[in-house]
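A.B. asks: Before I ask anything, here is the structure I am working with.
The values are calculated or read from the model by the stated rules, or taken from the named source; none is laboratory data. The model shown is predicted, which means the values in this text are computed figures rather than measured ones. Glycine gets a Cβ as well: all are built from the backbone with ideal geometry, and neighbour counts include every protein chain shown.
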Amino acid sequence: TRRWYFNRKPSRDLEADTLQLREDRLPEPQQGEVLLRSIYLSMDATNRLWLGDWDLYMDPIREGEPMKGFTLAEVMVSRHPGFPKGSLVAGLLPWSEFAISDGSGLSIVPRIPGLKLADAFGVLAIAGPTALVGLMEIGRPKAGDTVVVTAAAGAVGMLVGQIARIHGCRTIGIAGGAEKCGWLTSEFGYDHAIDYKRENVVERLRQLAPQGVDVHFENVGGEMLDAGLTVMKDFGSVVICGLISTYNSNAGDRIPGPYMFRNLIMRRLRVQGFVILDYAERYPEYQQQLAQWMLEGRLNFRLDVTQGIDTALDALKMLYTGANKGKVLVQIGAD
Ligand code: NDP
(Lines give C-alpha, C1' and ligand atoms only; values in the text may rest on other atoms or scores of the structure.)
Protein backbone atom coordinates (compact mmCIF):
# COMPACT_ATOMS: atom_id res chain seq x y z
CA THR A 1 0.00 0.00 0.00
CA ARG A 2 1.10 3.58 -0.51
CA ARG A 3 1.28 5.50 2.78
CA TRP A 4 2.38 8.99 3.84
CA TYR A 5 4.96 9.36 6.62
CA PHE A 6 5.94 12.39 8.69
CA ASN A 7 9.44 12.98 7.37
CA ARG A 8 10.76 16.33 8.60
CA LYS A 9 9.35 19.07 10.81
CA PRO A 10 8.41 22.11 8.71
CA SER A 11 10.06 25.32 9.85
CA ARG A 12 6.78 27.15 9.15
CA ASP A 13 4.63 26.46 6.08
CA LEU A 14 4.23 22.85 5.01
CA GLU A 15 7.13 21.91 2.74
CA ALA A 16 7.61 19.33 -0.02
CA ASP A 17 9.67 17.12 2.30
CA THR A 18 7.48 17.52 5.40
CA LEU A 19 5.73 14.28 4.46
CA GLN A 20 6.91 11.42 2.27
CA LEU A 21 4.84 8.90 0.32
CA ARG A 22 6.25 5.38 0.68
CA GLU A 23 5.30 1.88 -0.40
CA ASP A 24 4.54 -0.47 2.51
CA ARG A 25 3.63 -4.18 2.72
CA LEU A 26 0.60 -4.87 4.89
CA PRO A 27 0.41 -7.98 7.07
CA GLU A 28 -2.71 -10.21 7.05
CA PRO A 29 -5.37 -9.04 9.52
CA GLN A 30 -5.25 -11.07 12.75
CA GLN A 31 -8.18 -12.14 14.94
CA GLY A 32 -9.90 -8.93 16.13
CA GLU A 33 -8.61 -6.90 13.17
CA VAL A 34 -9.94 -5.64 9.84
CA LEU A 35 -8.34 -4.78 6.51
CA LEU A 36 -9.60 -1.40 5.32
CA ARG A 37 -9.63 0.26 1.92
CA SER A 38 -9.57 4.07 2.18
CA ILE A 39 -12.13 5.98 0.14
CA TYR A 40 -12.01 9.63 1.27
CA LEU A 41 -9.52 11.43 3.46
CA SER A 42 -10.66 14.62 5.18
CA MET A 43 -8.16 17.48 5.10
CA ASP A 44 -8.33 19.49 8.30
CA ALA A 45 -6.40 22.55 9.35
CA THR A 46 -5.52 20.84 12.61
CA ASN A 47 -3.48 18.19 10.73
CA ARG A 48 -0.71 20.80 10.49
CA LEU A 49 -0.72 21.28 14.26
CA TRP A 50 -0.04 17.57 14.80
CA LEU A 51 3.30 18.07 12.97
CA GLY A 52 4.41 20.92 15.21
CA ASP A 53 5.71 21.31 18.74
CA TRP A 54 2.88 23.22 20.43
CA ASP A 55 1.18 21.65 23.44
CA LEU A 56 -2.05 20.25 21.91
CA TYR A 57 -5.34 18.61 22.84
CA MET A 58 -3.82 15.24 21.80
CA ASP A 59 -0.42 13.63 21.23
CA PRO A 60 1.41 15.01 18.21
CA ILE A 61 2.71 12.77 15.40
CA ARG A 62 6.43 12.11 15.64
CA GLU A 63 8.91 12.18 12.76
CA GLY A 64 9.07 8.71 11.19
CA GLU A 65 5.46 7.85 12.09
CA PRO A 66 2.64 7.54 9.54
CA MET A 67 0.64 10.72 8.92
CA LYS A 68 -2.95 10.40 10.17
CA GLY A 69 -6.26 11.92 9.26
CA PHE A 70 -9.99 11.46 9.49
CA THR A 71 -10.85 8.81 6.88
CA LEU A 72 -13.85 7.05 5.36
CA ALA A 73 -13.00 3.44 4.51
CA GLU A 74 -14.58 0.14 3.54
CA VAL A 75 -14.00 -3.11 5.41
CA MET A 76 -12.43 -5.53 2.88
CA VAL A 77 -11.55 -8.40 5.21
CA SER A 78 -13.03 -8.74 8.66
CA ARG A 79 -11.82 -10.78 11.59
CA HIS A 80 -13.66 -8.44 13.98
CA PRO A 81 -17.30 -9.09 14.96
CA GLY A 82 -18.14 -5.37 15.24
CA PHE A 83 -17.12 -4.49 11.67
CA PRO A 84 -18.55 -6.85 9.03
CA LYS A 85 -17.03 -7.09 5.56
CA GLY A 86 -18.48 -4.46 3.24
CA SER A 87 -19.37 -1.98 5.98
CA LEU A 88 -18.25 1.63 5.84
CA VAL A 89 -16.28 2.98 8.76
CA ALA A 90 -14.82 6.35 9.72
CA GLY A 91 -12.09 7.31 12.14
CA LEU A 92 -8.54 8.47 12.55
CA LEU A 93 -6.45 6.29 10.21
CA PRO A 94 -3.09 6.55 8.47
CA TRP A 95 -2.99 8.51 5.19
CA SER A 96 -2.85 5.26 3.28
CA GLU A 97 -4.57 3.30 0.52
CA PHE A 98 -5.09 0.30 2.80
CA ALA A 99 -4.75 -0.17 6.54
CA ILE A 100 -5.07 -2.80 9.25
CA SER A 101 -7.10 -1.73 12.30
CA ASP A 102 -8.25 -3.31 15.55
CA GLY A 103 -11.33 -1.11 15.35
CA SER A 104 -10.39 1.28 18.12
CA GLY A 105 -11.70 4.76 17.40
CA LEU A 106 -13.62 3.52 14.36
CA SER A 107 -17.36 3.85 13.96
CA ILE A 108 -19.72 2.35 11.40
CA VAL A 109 -21.06 4.92 8.94
CA PRO A 110 -24.59 4.30 7.66
CA ARG A 111 -25.30 5.15 4.02
CA ILE A 112 -27.90 7.91 3.91
CA PRO A 113 -30.40 7.49 1.06
CA GLY A 114 -30.42 10.62 -1.08
CA LEU A 115 -26.92 11.76 -0.09
CA LYS A 116 -23.75 11.05 -2.04
CA LEU A 117 -21.00 9.47 0.02
CA ALA A 118 -18.59 12.38 -0.51
CA ASP A 119 -21.23 14.95 0.46
CA ALA A 120 -22.24 13.03 3.56
CA PHE A 121 -18.65 12.48 4.66
CA GLY A 122 -17.55 16.02 3.76
CA VAL A 123 -20.31 17.69 5.76
CA LEU A 124 -21.25 15.23 8.49
CA ALA A 125 -17.86 13.92 9.61
CA ILE A 126 -16.24 17.06 11.00
CA ALA A 127 -17.23 20.40 9.48
CA GLY A 128 -20.96 20.08 10.15
CA PRO A 129 -20.79 18.98 13.80
CA THR A 130 -18.13 21.65 14.41
CA ALA A 131 -20.33 24.37 12.93
CA LEU A 132 -23.40 23.17 14.83
CA VAL A 133 -21.74 22.73 18.24
CA GLY A 134 -19.68 25.89 17.92
CA LEU A 135 -22.59 28.08 16.96
CA MET A 136 -25.47 26.62 18.93
CA GLU A 137 -23.82 25.30 22.10
CA ILE A 138 -20.90 27.69 22.48
CA GLY A 139 -22.14 30.84 20.72
CA ARG A 140 -25.82 30.37 21.63
CA PRO A 141 -27.33 33.11 19.44
CA LYS A 142 -30.96 34.15 19.72
CA ALA A 143 -33.20 34.89 16.76
CA GLY A 144 -32.49 38.40 15.50
CA ASP A 145 -28.86 38.38 16.70
CA THR A 146 -26.04 39.50 14.44
CA VAL A 147 -23.48 36.73 13.89
CA VAL A 148 -20.05 37.28 12.31
CA VAL A 149 -18.02 34.37 10.89
CA THR A 150 -14.38 34.37 9.70
CA ALA A 151 -13.06 31.98 6.99
CA ALA A 152 -16.76 32.07 6.14
CA ALA A 153 -16.41 30.41 2.72
CA GLY A 154 -14.47 27.46 4.17
CA ALA A 155 -15.80 24.08 5.25
CA VAL A 156 -16.90 25.11 8.74
CA GLY A 157 -17.70 28.74 7.91
CA MET A 158 -20.06 28.04 5.01
CA LEU A 159 -22.18 25.90 7.34
CA VAL A 160 -22.12 28.26 10.34
CA GLY A 161 -23.73 31.05 8.32
CA GLN A 162 -26.54 28.82 7.11
CA ILE A 163 -27.21 27.32 10.54
CA ALA A 164 -27.34 30.85 11.99
CA ARG A 165 -29.77 31.82 9.27
CA ILE A 166 -31.97 28.80 9.97
CA HIS A 167 -32.16 30.06 13.58
CA GLY A 168 -33.24 33.53 12.50
CA CYS A 169 -29.94 35.39 12.86
CA ARG A 170 -28.47 38.13 10.69
CA THR A 171 -25.16 36.98 9.29
CA ILE A 172 -21.95 38.63 8.13
CA GLY A 173 -19.25 36.46 6.57
CA ILE A 174 -15.61 37.42 6.14
CA ALA A 175 -13.53 35.71 3.44
CA GLY A 176 -10.64 36.38 1.07
CA GLY A 177 -11.39 37.45 -2.51
CA ALA A 178 -14.36 38.41 -4.67
CA GLU A 179 -15.21 34.85 -5.74
CA LYS A 180 -15.54 33.49 -2.20
CA CYS A 181 -17.41 36.62 -1.05
CA GLY A 182 -19.83 36.09 -3.94
CA TRP A 183 -20.59 32.56 -2.72
CA LEU A 184 -21.26 33.85 0.80
CA THR A 185 -24.33 35.79 -0.25
CA SER A 186 -25.42 33.75 -3.29
CA GLU A 187 -24.97 30.19 -1.95
CA PHE A 188 -24.26 30.15 1.75
CA GLY A 189 -27.08 32.36 2.95
CA TYR A 190 -25.00 35.21 4.38
CA ASP A 191 -26.71 38.60 4.49
CA HIS A 192 -23.40 40.41 3.94
CA ALA A 193 -19.87 39.55 2.87
CA ILE A 194 -16.62 41.32 3.72
CA ASP A 195 -13.51 40.72 1.60
CA TYR A 196 -10.67 41.04 4.12
CA LYS A 197 -8.10 41.22 1.32
CA ARG A 198 -9.63 44.37 -0.14
CA GLU A 199 -11.70 46.02 2.58
CA ASN A 200 -11.11 47.50 6.01
CA VAL A 201 -12.77 44.85 8.15
CA VAL A 202 -13.42 46.96 11.26
CA GLU A 203 -14.90 49.80 9.23
CA ARG A 204 -17.17 47.46 7.29
CA LEU A 205 -18.29 45.66 10.44
CA ARG A 206 -19.17 49.02 12.00
CA GLN A 207 -21.24 49.92 8.93
CA LEU A 208 -23.02 46.58 8.75
CA ALA A 209 -23.57 46.18 12.50
CA PRO A 210 -23.85 49.69 13.94
CA GLN A 211 -25.38 48.32 17.15
CA GLY A 212 -22.54 45.81 17.55
CA VAL A 213 -22.18 42.07 17.06
CA ASP A 214 -23.84 39.49 19.33
CA VAL A 215 -21.89 36.37 18.36
CA HIS A 216 -18.46 36.22 16.72
CA PHE A 217 -17.39 32.82 15.32
CA GLU A 218 -13.61 32.75 14.89
CA ASN A 219 -11.79 30.42 12.51
CA VAL A 220 -8.71 32.49 11.69
CA GLY A 221 -7.27 34.43 14.66
CA GLY A 222 -4.80 37.32 14.55
CA GLU A 223 -6.14 40.47 12.90
CA MET A 224 -9.54 38.90 12.19
CA LEU A 225 -10.14 38.16 15.85
CA ASP A 226 -9.05 41.66 16.77
CA ALA A 227 -11.49 43.15 14.28
CA GLY A 228 -14.24 40.97 15.76
CA LEU A 229 -13.44 41.91 19.37
CA THR A 230 -13.49 45.59 18.42
CA VAL A 231 -17.14 45.62 17.37
CA MET A 232 -18.80 43.31 19.91
CA LYS A 233 -21.97 44.27 21.72
CA ASP A 234 -22.05 44.26 25.55
CA PHE A 235 -22.41 40.67 26.85
CA GLY A 236 -21.73 39.19 23.40
CA SER A 237 -20.09 35.82 22.92
CA VAL A 238 -16.98 34.89 21.01
CA VAL A 239 -16.55 31.31 19.79
CA ILE A 240 -12.92 30.29 19.33
CA CYS A 241 -13.24 27.45 16.82
CA GLY A 242 -9.90 27.84 15.07
CA LEU A 243 -6.88 30.12 14.71
CA ILE A 244 -5.59 28.92 11.36
CA SER A 245 -3.48 32.03 10.72
CA THR A 246 -1.27 30.96 13.64
CA TYR A 247 -0.86 27.23 12.92
CA ASN A 248 2.27 27.57 10.76
CA SER A 249 4.34 28.58 13.78
CA ASN A 250 6.50 26.95 16.41
CA ALA A 251 6.10 26.74 20.16
CA GLY A 252 7.65 29.83 21.67
CA ASP A 253 6.90 32.05 18.65
CA ARG A 254 5.16 35.26 19.58
CA ILE A 255 1.99 34.88 17.57
CA PRO A 256 -0.13 37.94 16.71
CA GLY A 257 -2.90 39.27 18.94
CA PRO A 258 -5.54 39.57 20.00
CA TYR A 259 -4.66 43.07 21.08
CA MET A 260 -8.28 43.96 21.82
CA PHE A 261 -8.38 41.58 24.79
CA ARG A 262 -9.36 44.60 26.90
CA ASN A 263 -12.80 44.41 25.29
CA LEU A 264 -13.46 41.23 27.24
CA ILE A 265 -13.90 43.65 30.14
CA MET A 266 -15.21 46.76 28.38
CA ARG A 267 -17.89 44.73 26.56
CA ARG A 268 -18.27 41.98 29.28
CA LEU A 269 -17.72 39.24 26.69
CA ARG A 270 -17.96 35.49 27.06
CA VAL A 271 -15.14 33.83 25.10
CA GLN A 272 -14.96 30.06 24.78
CA GLY A 273 -12.93 27.59 22.76
CA PHE A 274 -13.93 24.00 22.06
CA VAL A 275 -12.66 20.80 20.45
CA ILE A 276 -15.24 18.82 18.50
CA LEU A 277 -13.76 15.48 19.61
CA ASP A 278 -15.22 16.13 23.06
CA TYR A 279 -18.72 15.88 21.59
CA ALA A 280 -18.34 12.42 20.00
CA GLU A 281 -21.16 10.92 22.05
CA ARG A 282 -23.68 13.32 20.59
CA TYR A 283 -22.53 12.89 17.00
CA PRO A 284 -25.53 10.79 15.89
CA GLU A 285 -27.90 13.54 17.02
CA TYR A 286 -25.93 16.30 15.22
CA GLN A 287 -25.51 14.22 12.08
CA GLN A 288 -29.19 13.45 11.92
CA GLN A 289 -30.08 17.12 12.16
CA LEU A 290 -27.49 18.13 9.55
CA ALA A 291 -28.47 15.32 7.17
CA GLN A 292 -32.10 16.37 7.42
CA TRP A 293 -31.22 19.96 6.47
CA MET A 294 -29.12 18.64 3.57
CA LEU A 295 -31.97 16.48 2.30
CA GLU A 296 -34.38 19.39 2.61
CA GLY A 297 -32.02 21.53 0.52
CA ARG A 298 -31.50 23.99 3.39
CA LEU A 299 -27.75 23.47 3.67
CA ASN A 300 -25.64 24.30 0.64
CA PHE A 301 -21.98 23.35 0.55
CA ARG A 302 -19.03 23.03 -1.78
CA LEU A 303 -16.54 20.21 -1.82
CA ASP A 304 -13.04 20.51 -3.24
CA VAL A 305 -12.02 16.91 -3.97
CA THR A 306 -8.53 16.04 -5.20
CA GLN A 307 -7.91 12.65 -6.80
CA GLY A 308 -5.34 10.13 -5.61
CA ILE A 309 -3.34 9.60 -2.46
CA ASP A 310 -0.34 11.36 -4.00
CA THR A 311 -2.29 14.68 -3.92
CA ALA A 312 -2.74 14.65 -0.13
CA LEU A 313 0.11 16.98 0.89
CA ASP A 314 -0.81 19.58 -1.73
CA ALA A 315 -4.45 19.27 -0.73
CA LEU A 316 -3.59 20.06 2.90
CA LYS A 317 -1.49 23.05 1.82
CA MET A 318 -4.54 24.59 0.11
CA LEU A 319 -6.15 25.26 3.49
CA TYR A 320 -3.21 27.51 4.32
CA THR A 321 -3.11 29.48 1.09
CA GLY A 322 -6.88 29.79 0.78
CA ALA A 323 -6.68 28.00 -2.60
CA ASN A 324 -9.39 25.57 -1.47
CA LYS A 325 -12.85 26.10 -2.86
CA GLY A 326 -14.88 24.27 -0.25
CA LYS A 327 -14.35 21.34 2.09
CA VAL A 328 -11.16 19.57 1.01
CA LEU A 329 -11.30 15.80 0.58
CA VAL A 330 -8.78 13.50 -1.06
CA GLN A 331 -10.38 10.64 -2.93
CA ILE A 332 -8.17 7.61 -2.45
CA GLY A 333 -10.43 4.84 -3.74
CA ALA A 334 -13.72 4.37 -5.59
CA ASP A 335 -16.84 5.26 -3.58
P1 NDP B 1 -11.44 25.91 5.56
O2 NDP B 1 -12.15 25.15 4.51
O3 NDP B 1 -12.10 27.07 6.22
O4 NDP B 1 -10.04 26.36 4.94
C5 NDP B 1 -9.22 27.24 5.64
C6 NDP B 1 -9.49 28.69 5.19
O7 NDP B 1 -8.90 29.56 6.14
C8 NDP B 1 -8.81 29.05 3.88
O9 NDP B 1 -9.58 28.68 2.77
C10 NDP B 1 -8.65 30.54 4.00
O11 NDP B 1 -9.84 31.19 3.55
C12 NDP B 1 -8.56 30.77 5.50
N13 NDP B 1 -7.19 31.12 5.90
C14 NDP B 1 -6.09 30.35 5.93
N15 NDP B 1 -5.03 31.03 6.37
C16 NDP B 1 -5.46 32.28 6.64
C17 NDP B 1 -4.84 33.47 7.12
N18 NDP B 1 -3.54 33.49 7.43
N19 NDP B 1 -5.60 34.58 7.26
C20 NDP B 1 -6.91 34.57 6.95
N21 NDP B 1 -7.56 33.48 6.48
C22 NDP B 1 -6.84 32.36 6.34
O23 NDP B 1 -10.94 24.92 6.70
P24 NDP B 1 -11.83 24.24 7.83
O25 NDP B 1 -13.24 24.61 7.70
O26 NDP B 1 -11.45 22.81 7.87
O27 NDP B 1 -11.27 24.91 9.16
C28 NDP B 1 -11.62 26.23 9.53
C29 NDP B 1 -11.21 26.47 10.97
O30 NDP B 1 -11.99 25.62 11.81
C31 NDP B 1 -9.75 26.14 11.26
O32 NDP B 1 -9.21 27.16 12.09
C33 NDP B 1 -9.83 24.84 12.00
O34 NDP B 1 -8.75 24.64 12.87
C35 NDP B 1 -11.14 25.01 12.74
N36 NDP B 1 -11.74 23.74 13.18
C37 NDP B 1 -11.91 23.57 14.53
C38 NDP B 1 -12.47 22.43 15.02
C39 NDP B 1 -12.66 22.32 16.50
O40 NDP B 1 -13.00 21.25 16.99
N41 NDP B 1 -12.48 23.39 17.27
C42 NDP B 1 -12.86 21.31 14.14
C43 NDP B 1 -12.68 21.61 12.72
C44 NDP B 1 -12.12 22.78 12.28
P45 NDP B 1 -9.79 32.59 2.71
O46 NDP B 1 -9.54 32.19 1.29
O47 NDP B 1 -11.14 33.17 2.95
O48 NDP B 1 -8.66 33.37 3.29
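Conditions tested, residue by residue: (1) within 10 Å of the ligand (Cβ to nearest atom); (2) within 30 Å of VAL34 (Cβ to Cβ); (3) surrounded by fewer than 20 Cβ atoms within 10 Å (Cβ to Cβ).
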position: LEU106; (1), (2), (3): no, yes, no
position: LEU124; (1), (2), (3): no, yes, no
position: PRO129; (1), (2), (3): yes, yes, no
position: LEU135; (1), (2), (3): no, no, no
position: ARG170; (1), (2), (3): no, no, no
position: ALA175; (1), (2), (3): yes, no, no
position: ASP191; (1), (2), (3): no, no, yes
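A.B. asks: Does LEU205 satisfy the criteria of being modelled with pLDDT of 95 or more, hydrophobic (A, V, I, L, M, F, W, C), surrounded by fewer than 20 Cβ atoms within 10 Å (Cβ to Cβ) and outside the structural domain of ASP53 (by TED's automatic domain parsing)?
C.D. replies: So LEU205 does not fit the description; no.
A.B. asks: Filter region 267-287 down to residues that are surrounded by 15 or more Cβ atoms within 10 Å (Cβ to Cβ) and either assigned to a helix (DSSP H, G or I) or aromatic (Phe, Trp, Tyr) (or both), then give me how many there are.
C.D. replies: 6
A.B. asks: Any idea which residue in region 137-152 is nearest to the ligand (Cβ to nearest atom), counting only those that are touching a Phe, Trp or Tyr at 6+ places or on another chain (Cβ under 8 Å) and of a type in the set (Val, Ile, Thr)?
C.D. replies: The extreme case among them is THR150.
A.B. asks: A further question follows. Please go through (1) under 27 Å from LYS9 (Cα atoms); (2) of a type in the set (A, V, I, L, M, F, W, C); (3) in contact with a strand residue (DSSP E or B) (Cβ under 8 Å, 6 or more places away or on another chain) for LEU264 and return the number of the only condition it doesn't satisfy.
C.D. replies: (1)
A.B. asks: Another one. Tally time: how many residues in region 203-236 are under 21 Å from GLY139 (Cα atoms), outside any loop (DSSP other than H, G, I, E, B) and more than 15 Å from the ligand (Cβ to nearest atom)?
C.D. replies: 13
A.B. asks: Suppose we keep only residues that are in a loop (DSSP other than H, G, I, E, B), under 17 Å from LYS317 (Cα atoms) and touching a helix residue (DSSP H, G or I) at 6+ places or on another chain (Cβ under 8 Å) within region 241-266. Which one would you say is nearest to the ligand (Cβ to nearest atom)?
C.D. replies: The qualifying residue nearest to the ligand (Cβ to nearest atom) is GLY242.
A.B. asks: Quick one: would you say ALA155 is buried (at least 23 other Cβ atoms within 10 Å of the Cβ), within 15 Å of the ligand (Cβ to nearest atom), of a type in the set (A, V, I, L, M, F, W, C) and within 21 Å of GLN207 (Cα to Cα)?
C.D. replies: no
A.B. asks: Continuing with the same structure: What pairs come up if the first residue lies in region 268-279 and is of a type in the set (A, V, I, L, M), the second is surrounded by 14 or more Cβ atoms within 10 Å (Cβ to Cβ) and in a loop (DSSP other than H, G, I, E, B), and their beta carbons are under 9 Å apart, counting only those six or more places apart or on different chains?
C.D. replies: Once the first residue is of a type in the set (A, V, I, L, M) and sits in region 268-279, its partners that are surrounded by 14 or more Cβ atoms within 10 Å (Cβ to Cβ) and in a loop (DSSP other than H, G, I, E, B) give ILE276/CYS241.
A.B. asks: Just to be sure before I move on: is ALA291 more than 9 Å from the ligand (Cβ to nearest atom) and buried (at least 18 other Cβ atoms within 10 Å of the Cβ) in the structure I sent?
C.D. replies: It is true that ALA291 is more than 9 Å from the ligand (Cβ to nearest atom) and buried (at least 18 other Cβ atoms within 10 Å of the Cβ).
A.B. asks: Could you give every pair whose Cβ atoms fall below 8 Å, whose first residue belongs to region 74-91 and is within 12 Å of ASP102 (Cβ to Cβ) and basic (Lys, Arg), and whose second residue is outside any loop (DSSP other than H, G, I, E, B) and modelled with pLDDT of 95 or more, counting only separations of at least 6 or pairs across chains?
C.D. replies: ARG79/VAL34
A.B. asks: State all residues of region 131-150 that are in contact with a strand residue (DSSP E or B) (Cβ under 7 Å, 6 or more places away or on another chain) and under 23 Å from GLY322 (Cα atoms); if no residue qualifies, say none.
C.D. replies: GLY134, LEU135, VAL147, VAL148, VAL149, THR150
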